[in-house]
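Below is one structure, written out as C-alpha cells; the observations come after it.
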Amino acid sequence: MDKLEQQFPDVFKICQQFELDEDTMGKIVQIMTNEIYMGLARETHASSSIKCYVTYVQDLPTGSERGKYLALDLGGTNFRVLLANVISETNVDVISKSYAISKDMMKGPGTKLFDFIAESISQFCKEHKIENDNLPLGFTFSFPCKHVAIDKGILVSWTKGFKSEGVVNRDVVELLREAIDRRGDFKVNIVAILNDTTGTLMSCAFHNPNCKIGMILGTGTNACYMEKTSNVEMLPGYQTSRKPFMIINCEWGAFGDNGELDFVRNSYDNAVDKRSVYPKKQTFEKCISGKYMGELVRRIVVDLMDQGVLFKDATWQTLRKRKTFLTRFLSVIESDKPGEFGNACKLMDELGVKGCEEEDLLCLRYICRAISTRSAKLAACGLVALIKKINVKDITVGIDGSVYCFHPHYHTLLMENMGLLLKGSTKFELLRSKDGSGRGAALAAAVYTRRPPASPTVQQEKHPHPCTQASRKTPPSAGLPALRRIIHTACWIFRH
C-alpha cells in the first residue's frame, strides 16, 4: 500500500487511526482478562464491563444424545420453532418454521406475545403430529436475561425494538408455560433456557468435544466459555457444586463502557456511538459488529468526498443518509481479486454513485479492509483473553454470525492475529457453528433430559443467520465412538 499512501495520503491517514499493532493488542488482551476476573468475582461483578453471567449450563453434549427434541429460537422480529431428530453423531435432521412478530405485538401486552408464541408452537406440533408427545424443548432467548436456574430466566430489559409490557423482571419460561397451559391443546417439556452464544457452543461441542468457547459475530457480538465452577462466585453454592464446570455468558459487547477502549477509539467511533440507540453503551460491539461496520465506512467515505479526495466526478448524495452503506457491502467489495473492481463497481452503481474511477474503488477497498481488519483484531483479542483464562494447550472455538460466515477474509484475519498473540502457546481451531441458536437449543434439551441439573446446595434467591457449513475442516474427534469421547472429556476435566 506504499503507492496508495503516496497518492492518497488523506485516505491513508484516516485508515491509520484504525490500525492496531501487536503491543496495543496485547494491552487489550490484558485489560479484557482483568475485566473477566472482575466479572466472575462477587465483590467486583457490578463494576466490570464484562459481566460473566451464570448460565446454569454445566454439561456439554457427548455425542451420545439420540431422539427428537424441540427448540424455540426467539431473538428478533422473527422467531423459529424447530424439531431436531438426533440420529447419530454426524446426522441431525432438523425441520424448522419461522413466524413473524408484528410491531403491535412487540409493544403490546406480554400475555398476547406469549400467547402468539404458544399458538405458533401448537400449529407446528400439530403439523408434525407431535402435540401429545411431550417432547423436551430448549428455549433460545437472545435478550438480556438473568438466569437463576437451567430453566428459569428473568428478563432484565427488552432490546431490538421490543417493549412488550409486563415481561421485564419476569421469568420468561414461566410466561411461556402459562401461555401453553392456557391453550391446553399440546404438550411440551421446557427443560432449558439459553442465549444464542451458549447454543453455538453446545452445537459445536456435539461434533467436537474440544470446543470450550462460543462466539457470535454478526449484527451484534458476544462470547461464552467453560469456566471452573469454583471460580464462579455469582453462582449460589459455587464452592460446593457437584459440577466442575459452568458455561459463562460474557456479554463482552459492553467491554469498553467504562472507558477501557478510549485509547484505540477515534472520532469516527465517537460519531457512530453518538447517533446510536444506546450512546456510551456496547462499546466493543460498536467497534467490531455488523450493525456498525458499514456505518463507519460510510462516514469515512463521506468525509473524503467532502474534502474532494474521493469520487470527485461521481454523483453520490445517497451516501449522505445514515445506514445506507450496509456491512455486507464490505464483504462484496473485499471479495474482488487484486486489480479487479467488478463487484465494487456494480455495488456503487446500485447505490447511485455514478462515474467511479478505479483509484476511487481502490481507496474504498482499503477503507473497508481497515474496518474489517480492526474488527478481526479486536475479536482475536477477546478470544485470546478467553483462551488464556481457560489455560489449555489445545482448544476449539465455535463461531456463528454473518460477519464471520460471509466476509471473505475474516476467518484468515482471525487465525493470523490469534496466532500472533498466542505465539504457539496454544493449538486452536475455529469451527463454524451450524445454527447454534436453533440446533444448539435442541441439543441443550437433549443434554438436560439425559442429565438433569444438580440440585443447588443453597436456596436460590427469589426474583420478582445462517451458517450452513458445520466447519472449515472435519474436526479430528468428530468420529470418535461414544466411549472414546467420554474418555476425552474425563481427561479434560482431570487436566483442569
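Observations
- Number of residues in the range 126-167 that are under 23 Å from the mean Cα position of the chain (by Cα) and either of a type in the set (Lys, Arg) or within 21 Å of Cys250 (Cα to Cα) (or both): the value is 24.
- If you filter the range 150-164 down to residues that are more than 19 Å from Ile190 (Cα to Cα) and not charged (D, E, K, R), you find that the one that is modelled with the highest pLDDT is Ser164.
- Answer from Val191, Val167 - the residue that is in contact with a helix residue (DSSP H, G or I) (Cβ under 6 Å, 6 or more places away or on another chain), surrounded by 19 or more Cβ atoms within 10 Å (Cβ to Cβ), modelled with pLDDT of 95 or more and under 22 Å from Glu65 (Cβ atoms): Val191
- Any chance Lys286 is in a helix (DSSP H, G or I), more than 18 Å from Val11 (Cα to Cα) and modelled with pLDDT of 95 or more: yes
- Residue ID - farthest from the chain's Cα centre (by Cα), chosen from residues in the range 265-283 that are modelled with pLDDT of 95 or more and polar (S, T, N, Q): Ser267
- In the range 302-353, residue surrounded by the most Cβ atoms within 10 Å (Cβ to Cβ) [restricted to those that are among the basic types (Lys, Arg) and farther than 20 Å from Gly290 by Cα]: Lys346
- Sub-8 Å Cβ pairs linking a first residue in the range 374-402 that is under 12 Å from Cys224 (Cα atoms) to a second residue that is of a type in the set (Phe, Trp, Tyr) and assigned to a loop (DSSP other than H, G, I, E, B), at least 6 apart or interchain, are Gly382/Phe255, ordered by first then second residue.
- Pick from the range 196-248, criterion touching a Leu at 6+ places or on another chain (Cβ under 8 Å), over 27 Å from Thr90 (Cα atoms) and of a type in the set (Ser, Thr, Tyr), ranking: modelled with the lowest pLDDT: Ser241
- The range 35-71, subset of a type in the set (S, T, N, Q) and crowded, with 22+ Cβ neighbours inside 10 Å, residue nearest to Pro209 (Cα to Cα): Gln58
Yes/no per residue for (1) at pLDDT 50 or above; (2) aliphatic (A, V, I, L, M):
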| position | (1), (2) |
| --- | --- |
| Thr426 | yes, no |
| Leu430 | yes, yes |
| Gly440 | yes, no |
| Tyr448 | yes, no |
| Val458 | no, yes |
| His465 | no, no |
| Ser471 | no, no |
| Pro476 | no, no |
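- Residue tally, condition assigned to a helix (DSSP H, G or I), crowded, with 21+ Cβ neighbours inside 10 Å and of a type in the set (S, T, N, Q), over the range 393-435: 1
Each row is one residue, and each column tells you yes or no for (1) under 17 Å from Leu4 (Cα atoms); (2) in a helix (DSSP H, G or I).
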residue: Arg322; (1), (2): no, no
residue: Leu326; (1), (2): no, no
residue: Gly339; (1), (2): yes, no
residue: Asp349; (1), (2): no, yes
residue: Leu361; (1), (2): yes, yes
residue: Cys368; (1), (2): yes, yes
residue: Thr373; (1), (2): no, yes
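- Segments classed as strands (runs of 3 or more DSSP E), wholly inside the range 149-224, with at least 2 members that are under 14 Å from Phe114 (Cα atoms): none
- Any chance Asn78 is within 15 Å of Ser437 (Cβ to Cβ) and surrounded by fewer than 16 Cβ atoms within 10 Å (Cβ to Cβ): yes
- Candidate set: the range 24-59, residues that are acidic (Asp, Glu) and at pLDDT 95 or above; chosen: the one nearest to Leu386 (Cα to Cα): Glu35
- Residues within the range 131-149 that are buried (at least 18 other Cβ atoms within 10 Å of the Cβ), over 21 Å from Ser96 (Cα atoms) and either small (Gly, Ala, Ser) or modelled with pLDDT of 95 or more (or both), tallied: 0
- Leading residue by the ranking (farthest from the chain's Cα centre (by Cα)) among those in the range 293-310 that are part of a helix (DSSP H, G or I) and more than 11 Å from Ala271 (Cβ to Cβ): Asp306
- Residues of the range 15-71 classified as closer than 21 Å to Asn258 by Cβ, small (Gly, Ala, Ser) and out of contact with any Lys or Arg (no Cβ under 6 Å at 6 or more places or on another chain), total: 6
- Positions within the range 117-136 being touching a Phe, Trp or Tyr at 6+ places or on another chain (Cβ under 8 Å) and assigned to a helix (DSSP H, G or I), in sequence order: Ile117, Ser120, Ile121, Ser122, Cys125, Lys126
- Subset tally (residues that are touching a strand residue (DSSP E or B) at 6+ places or on another chain (Cβ under 6 Å), of a type in the set (A, V, I, L, M, F, W, C) and under 30 Å from Gly161 (Cα atoms)) for the range 74-133: 11
The values are calculated or read from the model by the stated rules, or taken from the named source; none is laboratory data. As the structure is a prediction and not an experimental result, all values here were calculated from the model. Every residue, glycine as well, gets a Cβ built from its backbone with ideal geometry; the counts of neighbours run over all protein chains shown.
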